[in-house]
1. Relative to the longest principal Cα axis of the chain, at what angle does helix 80-92 sit, 0 to 90 degrees, rounded to 10?
2. Using a Cα-Cα cut-off of under 18 Å, which lysines could be cross-linked to Lys89, ignoring same-chain neighbours fewer than 8 residues away?
3. Which whole number of Å³ per residue matches the convex hull of the alpha-carbon atoms in region 9-163?
4. Just report the Cα centroid separation between region 71-92 and region 142-171, whole Å.
5. Can you pull the percent of region 1-143's accessible area that's carbon plus sulfur, 1.4 Å probe, other chains left in place?
6. At 1.4 Å probe size, what's the solvent-accessible area of Phe73? Round to the nearest 10 Å².
7. Taking every DSSP beta bridge that has both residues in the chain, what percent is antiparallel when rounded to the nearest 5?
8. Compute the angle between helix 152-170 and the longest alpha-carbon principal axis of the chain, please, reported from 0 to 90 degrees and rounded to the nearest 10.
Amino acid sequence: MKKKIFCTFCGKTLDTDLFDEKQRQVCRHCSEIYYENPLPVVSIIVTNKNREVLLVKRGNEPFRDMWCLPIGFAETGESIEDAALRELKEETGITASIVQLIDVSSHANPLYGELIVVTFEAEKESGTEKAGDDASDCRYFPIMNLPKLAFDSQEVAIQKYLKIKEDLWNI
């Protein structure tokens, strides 16, 4: 993960020191302590009537050309649910409504640092599936025959989703 070089408040060079039993970046000039917090990431599961999952092929690194659920960072000023629906619209061209929360997990990423990945189930409302934003393709895959997903957190979320649907789908 990239480290800050300068204090965002006074512009002086940052040092590292032990605070609250952790090494943290600090500004000795203005006494600011930089507490690093995980970044919120959303992913979203949309299935069709054939129990196929909508996946996108990543157009950019990391994991370019691998398949994943629509995924992206939540932005300041939007709810976590709105972030998931925005990412879905940007990457697949469809609008949906949130059905339920499927999973929340922590993930360490070498580029972005610590992430909190929140995965929802959503139901399609409108639109035509078409890759957009940073996706190079999007399509439905049989839930029991998915390609290897780019993110381990999504593999876990899919397994939790299957467990939630198990009784319903056995009827």
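1. 60
2. By straight Cα distance, Lys89 reaches Lys57, Lys124, Lys130.
3. On the way: hull volume 21.4 nm³, N = 155.
Convex hull volume per residue, Cα atoms: 138 Å³.
4. 21
5. C and S fraction of accessible area: 50 percent.
6. About 70 Å², rounded to the nearest 10.
7. On the way: 34 of 43 bridges.
Close to 80 percent.
8. Approximately 30 degrees, to the nearest 10.
The values are calculated or read from the model by the stated rules, or taken from the named source; none is laboratory data. This one's a predicted model, so the numbers in the text were calculated from it and none came from an experiment. So basically every Cβ, Gly included, is an ideal-geometry build from the backbone, and we count neighbours across all protein chains shown. For the accessible areas, the whole protein counts, side chains as well, though only heavy atoms, and no ligand, DNA or RNA atoms are used. Shrake-Rupley method; radii C 1.70, N 1.55, O 1.52, S 1.80 Å.
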